[in-house]
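Notes to accompany the following structure.
Each reported figure results from applying straightforward, stated rules to the coordinates on display, with no laboratory input. Every value quoted in this text rests on a predicted model; they were computed, and no experiment measured them. For neighbour counting, all protein chains shown are included, and Cβ atoms are generated from backbone atoms with ideal geometry for every residue, glycine included.
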Amino acid sequence: MDYFFQQLINGLVLGSIYGLIAIGYTMVYGIVGMINFAHGDIFMIGGFIALITFLILVSIGMTMVPVILLLVLLVAMAVTALYGWTVERIAYRPLRQSFRLAPMLSAIGMSFVLSNFAQVSQGARVKPVPPIITGGYTLHDSGNFAVQLSNVQIVVVVTTVVLLAIFTYIVSRTRFGRDMRACEQDQTMAALLGVDVDRTISMTFVIGASLAAVAGMMYLLYYGLVDFFMGFIAGIKAFTAAVLGGIGSLPGAMLGGLAIGLIETFWSAYFSVEYKDVAAFSILIIVLIFMPTGLLGRPEVEKV
Amino acid sequence: MKSLKLIGLAFGASLALSTTTFAQDITVAVAGPMTGSESAFGRQLKNGAEQFVADANAAGGVLNKKLKLFVGDDACDPKQARSIAEKIGSQGIPFVAGHFCSSSSIPASEAYADSNVLQITPASTNPLFTERKLWNVLRICGRDDQQGVVAAQYIAKNFAGKNVAILNDKTTYGKGLADETKKALNKAGFQEKMFESYNKDDKDFNSIVSRLKRDNIDLVYIGGYHQQAGLILRQMRDQGLKTVMMSGDSMNDKEFASITGPQAEGTLFTFGPDPRNKPTAKAIVEKFKAKGIDPEGYTLYTYAAMQVWTEAVKKAGTTDPQKVMKVIKDGEWDTVLGKLGFDAKGDIKAIDYVVYKWDAKGNYAEISD
């Protein structure tokens, strides 16, 4: 039983990171109906910016870990949001009235541009950081198996839950959230009624990118390294999570992320590690056969 | 008609350009993972090759010509390795030092054989590299069926009666090394408790780490590269495991310690006796240190690979790969690694693996078992 709880913790943390990235896919799909393939690379950029900010803060002599983390979080979110905004402005907005596949192709192009940009500007090597948040708790020790919960894992899950709560509030309760939902339903009508459609879409990309930055930072804290090609695999997994949860649905993305994280973890815990991806994708296929819109993606509920 | 003439002109011009470079220089190649998660080793290979080319040219070049270096990047990807090999072959380059990953060296060697390129790998340890009876391959380092035996002897001696797990990353190198170690362990009457594999592009190994914890594993042997080993180690310590990690020659770069931090302490790996300590390497090591480069791991192996080829070319009086190969296999060569000779397959004659241990400061040193 202890073993089960340990694996549950492992799966929840992994799922939280997938979920944070998946939200970016789902929000953009909800509002403009396209898959933003560059989102995985925005996540990678977020990780790099978190790393650079961290190194700068340490080199100017900051030692208070909570302050450093908060500053890193804010800077990473702000700068990555700028990337998200720029990508939308130069690669997607000019193509918005074009045929459906055009923005998707330019998204794939953007993904290459971003990862190659990181490769050229930051070098091709893996960038490790020493463990920043150390320590943890032993939850239960039955003698031969101790359930460990590390502080990093707590930080990852708590940050995810808090941010998810904030963004759910923004989408469902604020004026801006109402604009987003209006644009999602009918952009022309929303524009006629005085909603600034361009601005709303830009803001959606900004929010998606800043959540990806948080995921990038959590990734850096948890695994201790970033590299220029990490966006691809993480992006594919998160995209799968978004589809599993029902693309367009905010809680669905989180649920999908957790589901993928838990399936992977428990499959490798009780069966073979080799086939964990096969297991995750098989379950995706089974879910999509019986629920073509994903777990929470019913068309009549509000989507953003 | 006009466009045809233009194409002809351009073709002629490019031909003329390529022949002029060949008249002045001999281009040699170094190929390895210059990008991607194994790029630390690509850098070792490149450093060794660049230093050698600089030294050889300072000493007057080869056959009265200067050496020029072509650097190929395979990103440790078999497909990319094959296409780099074809590129090197089509440029008429007679010699390549490379690659690093066995999964790159093996497919690339076939392309080199077809396009008449002599290949010396400084680092690929999978036995298959020299076992396919190709005419053009040589290996400066040892083989995994030797490395695995040394690892198994150490484990059987120091971890008798303890629980051992063997993990591998499903690559040619990692799986090969894990299989050889398992074979040698089982032969010594030692049964491992767990034999599993993981994906090389994974970052999250928490699930497998919890399994190690459940099975009370005392030593985990990793057939894989240093980055994943570093992550596994970090996640083991996060979950409170004291399990000792042991791995192979791909842990011989300080980048491992920069991933793990002080937690690297006590981690073991096998590699040839430290080339930096050989008396023959002393002068070269100083040169590297003056440039701020630590010639660790396979840096000096690459240097030696180029040395063997250059000396053989001087002796043969030609760069023709077939003739050079015959000269190399017939002779013995003074290199930074000491005297080297090759057997008919292309393997080096004297190999000895030793066990190294990491300390908390991020350095590694040979230990006597």
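Okay, here's what the table says:
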item: Pairwise label distance in nanometres, A:Ala146 with A:Val58, each label 7 Å out on the Cα-Cβ vector; result: 2.6
item: Per-residue average of Cβ from other chains inside 10 Å of B:194-207; result: 6
item: Entries of B:Lys289/B:Lys315; B:Lys182/B:Lys357; B:Lys315/B:Lys339; B:Lys68/B:Lys323; B:Lys65/B:Lys349 with Cα pairs more than 23 Å apart; result: B:Lys289/B:Lys315; B:Lys65/B:Lys349
item: In nm, spacing of pseudo-spin labels at A:Leu192 and A:Val67 (7 Å Cα→C-beta vector); result: 5.6
item: Percent of alpha-carbon pairs separated by more than 51 Å within the protein assembly as shown; result: 18
item: Theoretical gain in end-to-end length, B:Lys66 to B:Asp343 [0.36 nm per residue, Cα-Cα removed]; result: 96.7 nm
item: Cα centroid of region B:201-276 to Cα centroid of region A:72-91, whole Å; result: 36
item: Model label zone, B:Lys291; criterion: amide N under 20 Å from point 7 Å along Cα-to-beta-carbon; scope region B:326-343; result: B:335-338
item: Net lengthening on full extension, A:Thr293/A:Met1 (0.36 nm per residue, minus Cα-Cα); result: 101.7 nm
item: Pair-distance profile P(r), taking every C-alpha pair of chain B, with 10 angstrom steps and integer %; result: 5, 24, 32, 21, 11, 4, 2, 0, 0
item: Taking B:Asp343, B:Asp169 and counting other C-beta atoms within 10 Å, the order from fewest to most; result: B:Asp343, B:Asp169
item: For B:Ala31, distant residues with modelled amide H under 5 Å away; result: B:Gly72, B:Ala97, B:Gly98
item: Summed residue charge, Cβ within 14 Å of B:Ala344's Cβ, Lys/Arg positive, Asp/Glu negative; result: +3
item: Projected-area mean, region A:19-231, by convex hull of Cα positions, square nanometres; result: 14.2
item: Estimated inter-spin distance, A:Asn116 and B:Arg132, nm [label 7 Å along Cα→Cβ]; result: 3.1
item: Computed lengthening from B:Asn116 to B:Asp334, 0.36 nm per intervening residue step minus Cα-Cα distance; result: 75.9 nm
